[in-house]
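All remarks here apply to the structure that follows.
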There are 4 protein chains.
Amino acid sequence: MSNSSQHRARLLISCADQPGIVAAVSDFFFKQGANIVQSDQYTTDPENGMFFMRIELDTNQQASVQELRDAFSAVAASFQMDWRLEDAQIKKRIAIFVSKEDHCLLELLWRWRSGELDAEIPLIISNHETMKDVAESYGISFYHIPVDKKNKQSAESEALRLIASHRVDVVVLARYMQILSDSFVESLENKIINIHHSFLPAFIGANPYQKAFDRGVKLIGATAHYVTNDLDEGPIIEQDVLRVNHRYAVKELKVAGRNAEKLALARAVKWHIEDKVLVNQNKTIVFP
Amino acid sequence: MSNSSQHRARLLISCADQPGIVAAVSDFFFKQGANIVQSDQYTTDPENGMFFMRIELDTNQQASVQELRDAFSAVAASFQMDWRLEDAQIKKRIAIFVSKEDHCLLELLWRWRSGELDAEIPLIISNHETMKDVAESYGISFYHIPVDKKNKQSAESEALRLIASHRVDVVVLARYMQILSDSFVESLENKIINIHHSFLPAFIGANPYQKAFDRGVKLIGATAHYVTNDLDEGPIIEQDVLRVNHRYAVKELKVAGRNAEKLALARAVKWHIEDKVLVNQNKTIVFP
Amino acid sequence: MSNSSQHRARLLISCADQPGIVAAVSDFFFKQGANIVQSDQYTTDPENGMFFMRIELDTNQQASVQELRDAFSAVAASFQMDWRLEDAQIKKRIAIFVSKEDHCLLELLWRWRSGELDAEIPLIISNHETMKDVAESYGISFYHIPVDKKNKQSAESEALRLIASHRVDVVVLARYMQILSDSFVESLENKIINIHHSFLPAFIGANPYQKAFDRGVKLIGATAHYVTNDLDEGPIIEQDVLRVNHRYAVKELKVAGRNAEKLALARAVKWHIEDKVLVNQNKTIVFP
Amino acid sequence: MSNSSQHRARLLISCADQPGIVAAVSDFFFKQGANIVQSDQYTTDPENGMFFMRIELDTNQQASVQELRDAFSAVAASFQMDWRLEDAQIKKRIAIFVSKEDHCLLELLWRWRSGELDAEIPLIISNHETMKDVAESYGISFYHIPVDKKNKQSAESEALRLIASHRVDVVVLARYMQILSDSFVESLENKIINIHHSFLPAFIGANPYQKAFDRGVKLIGATAHYVTNDLDEGPIIEQDVLRVNHRYAVKELKVAGRNAEKLALARAVKWHIEDKVLVNQNKTIVFP
């Protein structure tokens, strides 16, 4: 039976590896009356490596998640942890950016409505009006922010203002065909997920399906990654591929590729909002 | 730098879930000077479920794995754990049983020689002489134990004697075409791995490829599982499938299926010898 | 340059294999001025087997597809062919049957709107009202035909009347949770496609995900097949699987399974409407 | 019943697309009493594209494959075909080049011995002696041709001499760690198959697994391709990928990658020796 005061929470830790971390963390939660439901850890190297940990726990008592945070900060300080304790009951808030293609957007919306994507989607932002009706049919606020060479800075400012006012936790670029400025990206570090329509690092840049066709590859792919200021170089969260053959023209590659795109993006977003992804330099750790 | 007295060990735990397990275990190893390198846990149900845990640790001090075992038994007793602490430096000893088909045997032998399968293979037992040369070319003892309706019991007795004298930890049925007796299976509970040439539970029993052909399936598969006295019903460790089409006759299905068989079996054996598999009733937990 | 009188057509042939079929067919189209763009054939057995062929051709002249049909009937008769010549410009008309779950329906609708599914969808029929809004948002007629034990026959009569009046070519059961009567199925032989939520023939019948969970499988699947009067036994068109592990409860298996379901069904429907599927007894030939 | 004078043959055609090719070819074989068992064609573009065709046929009469070739040359000339008619009873002769790693070699040898690879393997050439015993255990001639900077030309001359004297049809580089000279490659155009240990065009050049590790990809792959004088740029025949995660160090990526390598190479070699691969500029057409 679920206790009304019980909360599922998720702890994420990064720090230099050293003896006693697991013991200190698990002892802390035991004394707080919390039950560790799942625990995963990863060490880059047993000798002087980095330590990463994800714990799911149920708080079986009066202490709120905020009180646990306050109490845990002493443990965290002693190991110089980079950490966060997330309340699983508080859903992540997603802003979806989209242009004219709808497949990634629709996949996210379907998984959201079916409960597979346990998040809030308060708004959709687009540089086109194409997806307005879709947004409205799902009861989601739609903001049309046209972008051209001249207004890029003011457009991004408006987007950032909406992101702030809607208390957005993560931005998902669901085939948003604009390159974001360095300052925009820096203000949302590891909080922007993009879907690239190739199996990175193959076919970096524009027209990946044309390049894949020209090269005659037998598998095409898609890559979901965090956006950094190095275009197409951010930490990869998920990749997927589909088998193709000589009969696929560029058009068919695009059609097939859409399915790889939407599946890879949907999984990456799901893992992100479930606090399963940690970034280690230019790579991700995706806990199971 | 690796200390000469340092040992990698693996702890496997099953017990009823209750608060404080992780804290007690990690505190124990911290006090013993051991460093937890990897830790995975799984609870069937946060409320009154079963708790399963696998820990990889480095013993950074004088205590031998045996001394750790002795010391840990008190912790284990307090939680009524079913547990074992394995010394990763002591390789598991595999007996491979084979009949006439060589693909699974050769895959295991190749992965063993390449170091991918970190085990000892002291012997190969077969009801035919076909694989004698292969065994010898790998420097492995080969025992030909013919089996017919009359001598089944004595043949199994001889096999069990060899298993004992070679101190075998796990028996791998690499396309061994004899059904083992109940008593044989019971004497090696969760220590016999079989490869079934179908995607269980589809096509249970004989001639699965003929049945797959007759049914016109578009994927064929293979299933590696622990052997129990319910034929083809033991806990599944791993499954794999391959895409086929209408052009595959039974013969081609068999040829394709061999690749699914050898891959599924090789992974299952690898996970078993790395102490990654726990059995929970009729299912397996395979830790990553 | 595409000629305005040019038409893409597709010829499908089944007959007993015998010498000269390919020569007769290709000679016929050459003399008619048609260009064979793609040709695939399959013979179950070079000796006395069945011969199956699919040809895509461009009619480069005045003869309409109907005139080609009239002319070809002599060739067909001489080889006792079971055949049809389809005008690729005339889109197949699909009736989608659905109950309460939307994932298969939405996948079909998205692929239809994106042009990937080159068909007409004149109507959606459901035994519930749940999908009414979805249908309307796509501009598709929605018919609510409740079904219970007493009205099954009249409900099917109404559905058949709608199928006739909308000139439907194929019925797609997109998670339609009613068993169709023998007479309904017989009236639409090889024209009803169902998605079964398991990797058939594993887990036939109800609650396949519960059965998959109980059996502890490592892959779950879905099967798109033509409906026959043997429940879950019709010719398989496509199957797909997804990897799962011990952490998946029945609920997670269902969630994961939905993705296998919608992908397998979407591919099967696409192949059907592109005239790529031929039925040979209880199996399908799916031409590439 | 199979006639003793019956032969399976395979016809491969490339030419500019034009009306009447299929009719002329099929009419020719009908008149010769040959039965077309399988036929596949591909046209790059219905308007002015290239036409590719592969036919499997049984010669049901006295005419030898050579006589069919002589007779067919008139048909071929009228369409300016690039063509060849292969006698399926004459097995392709493979020379395997290998260095120190054995996984690709062993996979090929196993598939060869099991009958899956229907070819002759008269010789193995290596720049090391490591694989001598393996070659001998399979009864295959082994030639050790050391290569260094100074003797590269003479080493290649010796290899070419062996290739000629053993009447080799195709050279398979099964992890052969030497770059072949332009003249060597040109003398065996589209007759040298290499396995590249990455999902080309990602990670071109040396140390692809290190590069894959540094980039943090979630899938690693392998690519079998014909060798041209543009390193790693030849026509791709087959690719395969495997899922990896953050726990894979470079060493584990290599171990996992070997399985992708051996599977992709084995399929590519099988398709080549079954005359299923046609090269169209820098791409391949792989008929099913």
Condition check: part of a loop (DSSP other than H, G, I, E, B), in the same structural domain as D:Ala264 (by TED's automatic domain parsing) and surrounded by 16 or more Cβ atoms within 10 Å (Cβ to Cβ). Does D:Val134 satisfy that? no
Within segment B:35-58, residues open to solvent by less than 50 Å² (accessible area, probe 1.4 Å) and touching a residue at least 60 places away in the same chain (Cβ under 8 Å) come out as B:Asp40, B:Tyr42, B:Phe52, B:Arg54
With among the acidic types (Asp, Glu) and touching a strand residue (DSSP E or B) at 6+ places or on another chain (Cβ under 8 Å) as the only criterion, which of C:Glu120, C:Glu67 stands out? C:Glu120
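Only one of D:Leu180, D:Leu173 is in contact with a helix residue (DSSP H, G or I) (Cβ under 8 Å, 6 or more places away or on another chain) and either of a type in the set (Phe, Trp, Tyr) or closer than 27 Å to D:Ala260 by Cα (or both). Can you tell me which?
The unique qualifying residue is D:Leu180.
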Mind checking which residues of segment D:96-112 are open to solvent by 10 Å² or more (accessible area, probe 1.4 Å), over 16 Å from D:Ala268 (Cβ atoms) and more than 8 Å from chain B (Cβ to nearest Cβ)? D:Lys100, D:Glu101
Out of C:Gly221, C:Gly234, C:Gly257, I need the residue that is small (Gly, Ala, Ser), within 21 Å of the chain's Cα centre (by Cα) and under 25 Å from C:Cys15 (Cβ atoms). Which one? C:Gly234
All conditions in (1) aliphatic (A, V, I, L, M); (2) within 14 Å of another protein chain (Cβ to nearest Cβ); (3) open to solvent by 50 Å² or more (accessible area, probe 1.4 Å) are true of B:Ala88 except (3)
For segment D:98-114, state whether one or more residues are within 19 Å of D:Val227 (Cβ to Cβ) and of a type in the set (S, T, N, Q). yes
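Where in segment C:183-281 are there strands (runs of 3 or more DSSP E), lying fully within it, with 3 or more residues that are away from every other protein chain (no Cβ under 11 Å) and open to solvent by less than 30 Å² (accessible area, probe 1.4 Å)?
Hits in segment C:183-281: C:192-196.
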Being touching a Ser or Thr at 6+ places or on another chain (Cβ under 8 Å) and more than 28 Å from C:Gln281 (Cα to Cα): is that true of C:Ala212 here? yes
Just to verify a result, which residue in segment C:61-85, among those that are more than 27 Å from B:His246 (Cα to Cα) and in contact with a Ser or Thr (Cβ under 8 Å, 6 or more places away or on another chain), is most open to solvent (accessible area, probe 1.4 Å)? C:Gln62
Taking only pairs six or more apart or across chains, which ones have beta-carbon atoms under 7 Å, a first residue in segment A:59-81 that is outside the structural domain of A:Ser14 (by TED's automatic domain parsing) and without any contact (Cβ under 8 Å) to a residue 60 or more places away in the chain, and a second residue that is assigned to a helix (DSSP H, G or I) and open to solvent by less than 40 Å² (accessible area, probe 1.4 Å)? none
Tally the residues that are over 18 Å from B:Glu86 (Cα atoms) and open to solvent by less than 10 Å² (accessible area, probe 1.4 Å), restricting the search to segment B:9-22. 1
Scanning segment C:27-54 residue by residue, those under 19 Å from C:Lys276 (Cα atoms), at pLDDT 95 or above and at the interface with chain D (Cβ under 9 Å from one of its Cβ atoms) turn out to be C:Met53
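The values are calculated or read from the model by the stated rules, or taken from the named source; none is laboratory data. Because the structure is predicted, anything quoted here is derived from the model rather than measured. In this analysis, Cβ positions are derived from the backbone assuming ideal geometry, glycine residues included, and neighbour counts consider all displayed protein chains. Note: accessible area is taken over every heavy atom of the protein model, side chains too, but ligands, DNA and RNA are not part of it. Shrake-Rupley method; radii C 1.70, N 1.55, O 1.52, S 1.80 Å.
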